Amino acid sequence: MTTVIERLRSGRPVFSVEFFPPRDTEDERVLWASIRDLERLDPAFVSVTYGAGGSSRDRTIRTTGRVATETGLVPMAHLTAVQHPVAELRHVIGWYAAVGVRNILAVRGDPPGDPNGEWVAHPDGLTYAEELVTLVRSLGDFCVGVAAFPYGHPRSPDLDTDTDHLVRKFRAGAEFGIAQLFFQAEDFLRLRDRVAARGCDAVLLPGLMPFTTRRSVAKAVELSGARLPAALAERLEPYADDPPAFRAAGIDVVTELGARLLAEGVAGLHFYTLNRAKATKEVVARLGLAAEPGRRRAA
Ligand code: FAD
């Protein structure tokens, strides 16, 4: 089974896609239509986020297992330390191994209910993602990735401390990082420079979300933890009441951002798809990242 890092180090730029676990049967139908649609373009890997609680976690595990067993895609499962004793984490990791999932994104997670609330580790659990990286690596031949924050994690006192903590995750055995949403190529490139300045050559993937609606822009602002740059707000503002024109402008913005990042030598672009394929397909096609129909790109 190919690993994420093998695909990222293939020497040619790739794209990857992220989904969240479906909530109901209709969600599941939409998700699988999107997975099949994107499968034709040969994404480097497909990741499924890990939910905050019981049933959503089961759906993550089930969906990732299905990607592993029913598609030709490289699956990556997210895993968090939230409310898990280490024994349970071992069980989930063992289950992933059993269904052929060899790639895990080890993230700490946020307090359930209030993401900004106080983080309290499970009494028999873990406190930081770094420990989860160590645990996953100790349990088998896994390729492990971690989260990275171009503007710094909201709980970090400053960018340097945040970067030190990110680099510790790589030193613990993570091989790549996926960046939270950001708005300007420089924001990501500065993160990459900070990591490189610490002598760390882990692969960093920018995370992008096609801005198809005003809501998606608001979501990106919320997730990034940064303000929408004035120039971008001014560019999109004229289309505020014209959804098709807004969508077209938003896709242009993300395509330009992707092109700039590719010109700066990133290994690939990771798309937060919100479980829809269409916008990601458009951006990927415009950037020349899709496989030719019926042909798989070399690993
Ligand atoms: P950590 O790396 O543990 O960092 C948390 C905070 O602690 C940071 O401020 C960091 O600087 C600090 N810190 C880290 N190590 C140390 C240390 N050794 N000593 C002191 N301080 C330290 N959430 C989900 O619930 N499910 C998902 O599937 C999911 N997927 C994600 C995917 C991506 C690409 C990203 C960017 C985020 C994702 N998240 C997900 C959100 C993530 O769980 C939260 O942002 C969480 O608050 C931080 O996770 P982390 O892995 O960065 O934590």
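The values are calculated or read from the model by the stated rules, or taken from the named source; none is laboratory data. All values derive from a computational prediction rather than experimental measurement. All Cβ positions, glycine included, derive from the backbone under ideal geometry; neighbour counts span all protein chains shown. Protein only, heavy atoms only, side chains kept; ligands, DNA and RNA dropped before computing areas. Shrake-Rupley method; radii C 1.70, N 1.55, O 1.52, S 1.80 Å.
Of everything in the stretch 129-162, what is surrounded by fewer than 16 Cβ atoms within 10 Å (Cβ to Cβ) and within 12 Å of the ligand (Cβ to nearest atom)? Give them in sequence order. Even if it seems obvious, please write down each step before you answer.
Going residue by residue through the stretch 129-162, those that are surrounded by fewer than 16 Cβ atoms within 10 Å (Cβ to Cβ) are 138-141, 154-155, 157-158, 160-161.
154, 155, 157, 158, 160, 161, listed by residue number.
State whether the residues of the stretch 255-264 include one that is at pLDDT 95 or above, under 17 Å from the mean Cα position of the chain (by Cα) and in a loop (DSSP other than H, G, I, E, B). Checked the stretch 255-264: no residue is at pLDDT 95 or above, under 17 Å from the mean Cα position of the chain (by Cα) and in a loop (DSSP other than H, G, I, E, B). I want to confirm something. Restricting to the stretch 1-25 and keeping residues that are in a helix (DSSP H, G or I) and modelled with pLDDT of 95 or more, which single residue is surrounded by the fewest Cβ atoms within 10 Å (Cβ to Cβ)? Out of the qualifying residues, it is 6.
Every listed requirement among (1) within 9 Å of the ligand (Cβ to nearest atom); (2) open to solvent by 20 Å² or more (accessible area, probe 1.4 Å) is met by residue 184 save one, (1).
For the condition open to solvent by less than 60 Å² (accessible area, probe 1.4 Å), of a type in the set (A, V, I, L, M, F, W, C) and closer than 19 Å to residue 148 by Cβ, residue 257 qualifies.
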